[in-house]
């Protein structure tokens with residue numbers, strides 16, 4: 001729907017207003033609010049365009065259009081101006097992707113960011129945190145532009161449909177994150193302590209009011225230096241929290257949760273396992289194994305049973321909770337069971353007989369889970 | 001606007017009862033989130049217990065809602081009465097949508113996507129449900145709850161952003177998923193709520209690529225049905241990983257590892273409970 005309209009716009013407004021450069025005209029089109037103006041010097045430097053000429057058809061004509069150079073007299077060989085128009089758009093977009101990673105581009109984008117041109121996060125408990133445009137791929141034609149919120153580390157569909165004609169590659173996968181590395185004072189820190197008094201989880205606005213109380217410091221000088229908006233929604237029925245034991249109970253609070261202190265982040269190692277759980281292993285492990293061995297309904301599923309045993313060899317990590325509100329007194333957990341369940345069938349085909357002989361070192365739950373997540377289509381990882 | 005004003009007059013005054021106040025209210029712009037409250041629910045005084053303290057001109061507002069308002073009411077009162085009638089209807093609505101019939105009506109609206117779609121990219125246009133942050137009127141506007149990421153979002157349109165959250169209440173979406181566990185969205189894959197011959201161009205475009213996939217609604221392993229465990233569904237949830245030139249960032253990766261360790265711990269706890277035969 002948008003496309004033909006934009007094209008028509010192109011004819012009408014580009015030709016008569018000759019004082020306006022193509023670039024500023026392009027950036028003023030509806031739906032192009034996220035673009036900043038790339039300087040002509042940047043486009044004229046061939047080094048900055050390395051590799052792009054193979055991606056853009058009618059390269060020469062597109063360059064002439066973007067830079068407002070009078071076309072050669074043999075321009076008649078182009079059947080339709082709209083083809084060059086779309087080539088110019090592609091060229092500009094791909095140059096834009098590179099430009100906004102540089103110093104000048106980041107500066108241009110921070111001005112837009114601070115004036116709120118990119119909008120704010122739709123998530124209620126991000127309390128209107130400003131977002132930046134980002135792509136899910138660095139190659140054009142894959143997905144439209146999205147908005148990245150530094151507070152919840154998530155991406156959202158722009159609220160207006162006029163951005164659905166804008167390619168995400170014109171902003172790229174890197175820009176948003178490099179931006180918050182450069183402007184750390186705009187990046188929320190990864191930890192958050194609820195204000196001691198007053199603010200209930202029902203009032204997201206109280207977190208903003210607390211900001212002035214004391215200057216916020218993140219001990220990691222390379223991390224976000226802004227106080228995060230950390231409330232997580234807690235579903236309630238008639239005022240009572242929905243238990244996670246219910247089938248419809250909360251399953252996703254981890255996605256938005258932050259530790260109260262930066263030290264808590266260090267309690268998880270690079271594999272995603274709790275570090276301090278080891279000390280609980282030895283004494284608890286024996287108990288657990290005994291319970292398993294005498295489990296009366298152990299024989300019903302051979303596969304699961306074998307996997308459980310295998311896991312015990314390396315010891316089930318003890319539940320150890322940092323958050324008082326979520327404290328549980330549940331005995332050690334057999335971890336491999338569900339991990340295997342979530343694995344793709346391929347790894348199951350190792351053969352049922354082989355399960356016991358697997359080296360115990362590979363059995364960690366999280367490691368297996370990681371394996372599973374790695375098999376997702378590599379949409380996010382695309383790089384030019 | 002003009003037409004609305006004309007209709008407003010016609011409902012209250014003459015013998016023109018072609019449209020009731022409720023159907024006028026539901027069809028006016030910005031009220032798309034509301035469903036129709038059955039008249040016998042409103043007429044049962046038990047259901048309205050306590051509302052007379054919340055609403056000024058309670059009796060007349062109730063008469064207006066049920067189209068029994070006297071013609072003699074002065075014009076100056078009529079304006080404020082309309083505000084009170086909206087408040088009263090909203091508060092009744094909050095009670096109605098947590099009844100069996102009210103839930104069923106809201107499920108229809110949910111399946112049609114009347115409350116909009118989740119703006120989170122990885123939720124793949126999951127249908128949303130309205131929710132209040134507090135059950136007291138005039139405090140907080142309505143928010144939208146996504147059953148997939150289990151988070152709250154502000155409505156896109158300011159028309160909806162100004163609706164009082166108390167007209168939907170804090171309980172509604174969670175009670176709906178409690179009563180209809182088959183509607184609990186899967187954490188991955190396309191949403192269950194119908195094939196959604198989507199209106200929004202973008203949503204339609206994204207779904208087009210999936211048309212070859214069989215419709216999973218109802219049966220497939222993705223659906224959270226009666227007998228299926230939801231203990232480990234969180235492991236299937238996709239999440240966005242910030243990357244610079246393909247490399248994850250130290251601090252956000254660390255936070256994400258911590259969050260996933262929390263997730264794994266919850267999953268382990270729930271599975272433990274399940275295997276103990278809960």
Working only within segment B:145-155, note down all residues that are part of a loop (DSSP other than H, G, I, E, B), at the interface with chain A (Cβ under 7 Å from one of its Cβ atoms) and in contact with a strand residue (DSSP E or B) (Cβ under 9 Å, 6 or more places away or on another chain). B:149, B:154
With a cut-off of at least 3 residues that are under 27 Å from residue A:42 (Cβ atoms), name the strands (runs of 3 or more DSSP E) lying wholly within segment A:100-165. A:132-134, A:146-149
Look at segment B:149-169 and say how many of its residues are in contact with a helix residue (DSSP H, G or I) (Cβ under 9 Å, 6 or more places away or on another chain) and touching a residue at least 60 places away in the same chain (Cβ under 8 Å). 7
When you scan segment A:154-185, how many residues do you find that are at the interface with chain B (Cβ under 8 Å from one of its Cβ atoms) and in contact with a strand residue (DSSP E or B) (Cβ under 9 Å, 6 or more places away or on another chain)? 12
How about segment B:235-270: which of its residues are buried (at least 17 other Cβ atoms within 10 Å of the Cβ), free of Cβ contacts under 8 Å to residues at least 60 places away in the same chain and within 30 Å of the chain's Cα centre (by Cα)? B:235, B:256, B:259, B:260, B:262, B:263, B:264, B:266, B:267, B:270
Scan segment A:264-275 for residues that are within 23 Å of the chain's Cα centre (by Cα) and without any contact (Cβ under 8 Å) to a residue 24 or more places away in the chain and jot them down. A:266, A:268, A:269, A:270
Looking only at segment B:161-189, count every residue that is closer than 26 Å to residue A:120 by Cα, more than 11 Å from every other protein chain (Cβ to nearest Cβ) and surrounded by fewer than 20 Cβ atoms within 10 Å (Cβ to Cβ) and tell me the total. 1
Hits in segment A:254-263 - residues which are loosely packed, with under 15 Cβ neighbours inside 10 Å and within 19 Å of the chain's Cα centre (by Cα): none
Would you please list the contacts, defined by Cβ atoms under 8 Å and residues six or more apart or on different chains, that run from a residue in segment A:236-255 that is facing chain B (nearest Cβ under 7 Å) and at positive phi to a residue that is modelled with pLDDT of 90 or more and in a loop (DSSP other than H, G, I, E, B)? A:238/B:171
Identify the single condition in (1) touching a helix residue (DSSP H, G or I) at 6+ places or on another chain (Cβ under 8 Å); (2) modelled with pLDDT of 90 or more; (3) within 30 Å of residue B:274 (Cβ to Cβ) that residue A:187 does not satisfy, given that it satisfies every other one. (3)
Please determine, by comparing only the residues of segment A:256-265 that are at the interface with chain B (Cβ under 8 Å from one of its Cβ atoms) and assigned to a loop (DSSP other than H, G, I, E, B), which one is nearest to residue A:125 (Cα to Cα). A:256
Quick check on segment B:70-93. Is at least one of its residues buried (at least 19 other Cβ atoms within 10 Å of the Cβ) and assigned to a loop (DSSP other than H, G, I, E, B)? no
Working carefully through the options A:251, A:271, A:245, find the one that is at pLDDT 85 or above, in a loop (DSSP other than H, G, I, E, B) and crowded, with 18+ Cβ neighbours inside 10 Å. A:251
Within segment B:105-138, residues within 9 Å of chain A (Cβ to nearest Cβ) and on the phi < 0 side of the Ramachandran plot come out as B:117, B:118, B:119, B:120, B:121, B:122, B:131, B:133, B:134, B:135
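The values are calculated or read from the model by the stated rules, or taken from the named source; none is laboratory data. Everything quoted here is computed from the prediction, not taken from an experiment. We place every Cβ from the backbone using ideal geometry, glycine too, and count neighbours over all the protein chains shown.
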